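Input: a single structure, listed below in structure tokens.
The values are calculated or read from the model by the stated rules, or taken from the named source; none is laboratory data. Worth saying up front: this structure is predicted, and the values here are computed from it rather than measured. Don't worry about glycine lacking a Cβ; one is built from the backbone with ideal geometry, like all the others, and counts go over all protein chains shown.
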Amino acid sequence: MDVSNILNDLNEVQREAVSAPDRSLLVLAGAGSGKTRVLVHRISWLTTVENVSPYSILAVTFTNKASAEMRQRVEKMQSQSMAGIWVGTFHGLAHRLLRSHWQQAGLVQSFQILDSDDQLRLVKRVILALELDDTQWQPKQVRGFINACKDEGDRPQHIADNGDPVRRQLVRIYSAYEAACKRAGVIDFAEMLLRSLELLRDNKDLLAHYQQRFRHILVDEFQDTNAIQYAWVRLLVGKDNNIFVVGDDDQAIYGWRGARVENLQKFRKDFPQTRIIKLEQNYRSTATILSAANAVIGNNGDRLGKRLWTAGSDGQPITYYQAYNEFDEARFIIDKIKQWVSDGELRADVAILYRSNAQSRVFEQTLNAEQIPYRIYGGLRYFDRAEIKDCIAYLRLMNNVLDDTAFERIVNVPARGIGGRTLEIVRERAKTAEITMWQAAEQLIKEKALTARAANALQSFLDLMAEMQAACIDVELHEKVEHVIHQSGLIEHHEKDKSEKSEQRIENMEELVGAAKNFTVAEDEAQDMDKITAFLTYAVLESGEGQAQEWEDCVQMMTLHSAKGLEFKQVYICGVEEGLFPHQRSIEDASRLEEERRLCYVGITRAREQLTITNAEHRQLYGRDTYPRASRFISEIPAELVADVRLRTQVSEPQYVSDDLCENETGGFQIGQRVMHPKFGEGMVLNFEGSGAHARLEVNFEFEGTKWLVISYANLSIL
DNA sequence: GCGACATTGTTTTTT
DNA sequence: ACAATGTCGC
């Protein structure tokens, strides 16, 4: 057996991980330490050296992108066929189990998946159907509650309200939502995971079957697993199987959506014989960048403990620039990028990272003005576009007329005279008779319980759906789509309004025909689904790339979160200010603050050659002026690693600063100055008004917001 | 049923 | 500030 190509290009520690005989292995893989490589080589090792059949391997990731990459790299490395191996996302795999065993899972065969937008609409309808006020019971919050329950594995009947009326009501809505999902034959994302966990847990024979099959389970990004995903893995591993998990507690940045870093610790406890291997050698960044990353993350407590190192050189110091405001910040960064490009480097090697999406605007404007091509990650994805979702809703309703979410979405799109009043009556009937909208519509028409006009409009909609169903029997998938976009009137609907947007929308819809034409069902899934179901699932589960523009050498812009897993020669982290990064909403809470710090660590470790950090002294946020302080993260980077660039570019701070006025009339207070108030604490002078005894100052206090104070009364001291 | 105004929220994102 | 909803009047 030629083992050399599996172990050759690995370092000592990686080799140890790849070839470990242990049943339970935890690989703590620091940023840029070759974690995917270890996973891929491990799979190769299992199949070629240990003669494990690919059929008994299960490899789980979080994103479709990661699983596609893993599959690709495994196949590339492998001489033998990898047929039979399960590589996929938690949701993808859970979905597969549910399709195969829909009956045991208590589902209908044609069940469909609600994305979070569909889910929100449904939650809202349920709230209204219970005759609750949707301003008091905000759909988004209720959805959050439901998802949080499901992420913890709690069904409505399990939740104790402890006499709390709010909680009781929430559980009631949760319960009604579940009933609505059941009637419509749909499940949401969290339900997929929970339902598949329950499926395995409650069907011993099924569990035994899969436990026997998946002798080797590998999990990527383990720090991102939630309670259900952890339980799912644990259940499948059982007593006898082999488990290999890779994760990095320092890169756990998704706590806010249910991920539990503690699962790494829990794993150690639940599998006491676990061997822990730390990958600490970094192949990505310069020593300077790694020192900064280590220093910053060192401020977090409760780490499993890792220290990145490199055999490479120090490289350039970290650049730090404190800008006057966000425009100056953008100007500075873009000047540097221009320099970089004129040195013959690629724009695609440059990334601008920010904490929140709103920050991209100034950069976009400046880049546009400079005619520098850029690409923003994380925009609206193809299958998330409204016009595409409309088409999909038609397809879904044709597939299953009971699908209320689909029904509600398109019953009057394009407008066909079915107004709010009519729908209200239909909803009312659906609610009281505990049936779906479709069934309610049929009943009401039959009973002549509607005005002639409403009944006609509704009937013609039902007829239209029936016609479309008839036209689509035994027809290729792409022809179905073709039928839908034309027969439904969606194309005409958009043709009527002659804006550029609607042209784009029509193009998008026509693209859907192409997407359907190219769509193929994976071999091993074909037995569980017909093609249309597979396509509809694909549309929800893999909604495509955001902003997939034609490839060009572009500057990359994205949030720090979406930068995870990527790397760039040149990285700019901007807006590194208290209140923005760390975000205001995370500042108060120690554990959320630590998550922000990990996010900072993630950002720093994206850089291969050079890292630049900027902040602004003045920034407009939500239409208000703010004067944030530099982020604590900046001071956590050792000063000797940083070159502080204080040369300002031309933009100067607002014209209203006329120094002489400030000096003379404000008793020594200057705009921009930090002051201390005995009651309100620290703040910054924003503005002034009047003179003498009546002179007033506007001060932005850290915790109290902006206030106008009369100087002669307010006991302000200059800091 | 559609267009004009008001109201509202505004971290991060995948599935 | 601003975009994205929701409400109201025709």
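Scanning the stretch A:354-382 for residues that are more than 16 Å from DNA strand C (Cβ to nearest atom) and either within 15 Å of residue A:616 (Cβ to Cβ) or β-branched (Val, Ile, Thr) (or both) yields a total of 3. Against the list (1) in contact with a Phe, Trp or Tyr (Cβ under 8 Å, 6 or more places away or on another chain); (2) at pLDDT 90 or above, the condition residue A:416 fails is (2).
Residue A:393 falls short of the stated requirement of being loosely packed, with under 14 Cβ neighbours inside 10 Å, at pLDDT 90 or above and assigned to a helix (DSSP H, G or I). Tell me, please, whether a residue that is of a type in the set (A, V, I, L, M) and over 28 Å from the mean Cα position of the chain (by Cα) can be found in the stretch A:403-413. Within the stretch A:403-413, one or more residues are of a type in the set (A, V, I, L, M) and over 28 Å from the mean Cα position of the chain (by Cα).
From A:678, A:638, grab the single residue that is surrounded by fewer than 16 Cβ atoms within 10 Å (Cβ to Cβ), away from DNA strand C (no atom under 16 Å from the Cβ), modelled with pLDDT of 95 or more and over 24 Å from the mean Cα position of the chain (by Cα).
Of A:678, A:638, the one residue that is surrounded by fewer than 16 Cβ atoms within 10 Å (Cβ to Cβ), away from DNA strand C (no atom under 16 Å from the Cβ), modelled with pLDDT of 95 or more and over 24 Å from the mean Cα position of the chain (by Cα) is A:638.
The residue pairs whose first member lies in the stretch A:184-205 and is within 25 Å of residue A:126 (Cβ to Cβ), whose second member is of a type in the set (S, T, N, Q) and within 16 Å of DNA strand C (Cβ to nearest atom), and whose beta carbons are closer than 6 Å, counting only pairs six or more residues apart or on different chains, are A:188/A:119. All of (1) among the hydrophobic types (A, V, I, L, M, F, W, C); (2) within 16 Å of DNA strand C (Cβ to nearest atom); (3) closer than 25 Å to residue A:258 by Cα hold for residue A:97 with one exception: (2). Given the criteria hydrophobic (A, V, I, L, M, F, W, C), closer than 18 Å to residue A:572 by Cα and touching a Pro at 6+ places or on another chain (Cβ under 8 Å), does residue A:292 qualify? Yes; evaluated as a whole, the condition is true for this residue. Selection of the stretch A:100-121 for residues being away from DNA strand C (no atom under 14 Å from the Cβ) and of a type in the set (Gly, Ala, Ser) yields A:100, A:105, A:106, A:110.
I'd like to check something: does the stretch A:620-630 contain any residue that is surrounded by fewer than 23 Cβ atoms within 10 Å (Cβ to Cβ), away from DNA strand C (no atom under 16 Å from the Cβ), among the hydrophobic types (A, V, I, L, M, F, W, C) and touching a residue at least 12 places away in the same chain (Cβ under 8 Å)? Checked the stretch A:620-630: at least one residue is surrounded by fewer than 23 Cβ atoms within 10 Å (Cβ to Cβ), away from DNA strand C (no atom under 16 Å from the Cβ), among the hydrophobic types (A, V, I, L, M, F, W, C) and touching a residue at least 12 places away in the same chain (Cβ under 8 Å). If you go through the stretch A:614-644 and pick out every residue that is more than 16 Å from DNA strand B (Cβ to nearest atom), assigned to a strand (DSSP E or B) and either touching a helix residue (DSSP H, G or I) at 6+ places or on another chain (Cβ under 6 Å) or among the small types (Gly, Ala, Ser) (or both), you end up with 4. Restricting the search to helices (runs of 4 or more DSSP H) fully inside the stretch A:434-502 and requiring at least 3 residues that are farther than 23 Å from residue A:388 by Cα and not charged (D, E, K, R) gives A:437-446, A:452-471. Looking only at residues in the stretch A:131-156 that are over 19 Å from residue A:227 (Cα atoms) and away from DNA strand B (no atom under 15 Å from the Cβ), the one that is surrounded by the fewest Cβ atoms within 10 Å (Cβ to Cβ) is A:131.
Taking the criterion of being under 20 Å from the mean Cα position of the chain (by Cα) and more than 13 Å from DNA strand C (Cβ to nearest atom), the only residue of the stretch A:122-141 that qualifies is A:141.
Cβ-Cβ below 8 Å, separation at least six or inter-chain, first residue in the stretch A:404-419 and without any contact (Cβ under 8 Å) to a residue 60 or more places away in the chain and at positive phi, second surrounded by fewer than 17 Cβ atoms within 10 Å (Cβ to Cβ) and not polar (S, T, N, Q): which pairs? Cβ pairs passing all conditions: A:417/A:453. Take the conditions (1) touching a strand residue (DSSP E or B) at 6+ places or on another chain (Cβ under 8 Å); (2) surrounded by fewer than 18 Cβ atoms within 10 Å (Cβ to Cβ); (3) over 23 Å from residue A:54 (Cβ atoms); residue A:215 misses just one of them, which is (3).
The strands (runs of 3 or more DSSP E) falling completely within the stretch A:22-140 that include 2 or more residues that are without any contact (Cβ under 8 Å) to a residue 60 or more places away in the chain map to A:86-89.
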